[in-house]
């Protein structure tokens, strides 16, 4: 019998609406989102463009306040940003004047809990984990786009977050690098045993990376369907050509097409 899974993140009836001073009306963005993410899972969110995926991610990070419902991390309400969550954005946002090592230690320096030697030891371990051994003293301009995103992930993991939030982290990469980075991300998160919430516009990326894929409706976002992904824990890119993978991709595209058709948008994830 499988032991009960630990709920890491719980979103309970989350609602967000923005007030437009010009019109005097509220624009609803999220409408009663209810979601559980278990410890060690990677859960992806997909849906029509502009449906509120990033808004939810920002709310989980404590950057946007809810107008209804609540978000709990390890059973504790999220009321603002905190070190137990780390965000990885689409663009690497590294400091160009800092080496890889000192970009990774930046958050630790602000936190002020570790000495210099301890910070450097942790950073070097993470640089090795993300596959950048030998690049600790390089500057961002000396790295490729994929390498810079590896540094970005290492910097986020340096804070030892309970939850990693990834907002289309590979969108700015070329297609080949993006494919390879998907494989590397699974290795990195598996080694770090990190729970992750992932936003993407690419359906096959969501399927490949995830334990579950959450499909949002058009705005105001509701959860249209949650799809469990039945793939081996160790994943290789050739899985994307398997009939079951392709069928799941078609199923998710159909769900998103239904939402896009209702709003008159072109099909987009």
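Brief remarks on what is shown
- Residue 240 meets all of the listed conditions (1) touching a residue at least 24 places away in the same chain (Cβ under 8 Å); (2) under 26 Å from residue 58 (Cα atoms); (3) assigned to a helix (DSSP H, G or I) but one, namely (2).
- Scanning the range 194-213 for any residue that is more than 30 Å from residue 126 (Cα to Cα), modelled with pLDDT of 95 or more, assigned to a helix (DSSP H, G or I) and touching a helix residue (DSSP H, G or I) at 6+ places or on another chain (Cβ under 9 Å) turns up nothing.
- Residue within the range 76-96 that is part of a helix (DSSP H, G or I), closer than 24 Å to residue 206 by Cβ, assigned by TED's automatic domain parsing to the domain that holds residue 259 and free of Cβ contacts under 8 Å to residues at least 24 places away in the same chain present: no
The values are calculated or read from the model by the stated rules, or taken from the named source; none is laboratory data. Predicted, not measured: the structure shown is a model, and the values here were computed from it. As a convention, Cβ positions derive from the backbone with ideal geometry for all residues, glycine included, and neighbour counts pool all protein chains shown.
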